[in-house]
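Notes to accompany the following structure.
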Amino acid sequence: MAIEYGLVPNESFESIYSEICLSHNQVKHMLNQYLNSIKNMTIQLNEETLIKLTKGQVVDVLLENLKRKEIVELIHMLTMINERQSDVSSYMKYILLGILAYKEKKGFK
């Protein structure tokens, strides 16, 4: 999958992501590929809660809690991070912290 980078007018931004057709397995494979540098991740949710996740659990949390368009956008961001040869773990911690904090606030496990 090749995504061209450049300035995109706001009105067409949404249509770019809605036109990308990927199967669930393709999305899962891509996430596993981009998160290859992550073996385990520890997230301090609050003073009492420390959450430890494996790479597989990270992928599962993303797939279970993000909408399809959000996952495609995330893959796009991970592509850019990997192209500049940066580490994705800080970005993923930020995303996961938001998801897990929201789930905790709503009382989900």
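Across region 23-37, rounded Karplus estimates of 3J(HN,Hα) from the backbone phi angles (6.51 cos²θ - 1.76 cosθ + 1.60, θ = phi - 60°) give 6, 4, 5, 5, 4, 4, 4, 5, 4, 4, 5, 6, 9, 4, 6 Hz, Gly and Pro being marked x. The residues packed around L62, meaning those with a beta-carbon under 15 Å from its beta-carbon, carry a net charge of +3 if Lys and Arg are +1 and Asp and Glu are -1.
The count of lysine pairs in region 48-109 that are at least 8 places apart or cross chains, and whose C-alpha atoms lie under 22 Å apart, stands at 21.
Where the alpha-carbon atoms of region 31-109 are placed on the principal axes, they occupy 36, 24, 17 Å, in descending order.
Relative to the 2.2 N^0.38 Å rule of thumb, region 21-77 has a C-alpha radius of gyration ratio of 1.21.
No lab work stands behind these numbers, since they all come straight from the coordinates. Since the structure is predicted, the reported quantities are computational estimates derived from the model, not experimental observations. Here Cβ is always computed from backbone atoms with ideal geometry, including for glycine, and neighbour counts include all displayed protein chains.
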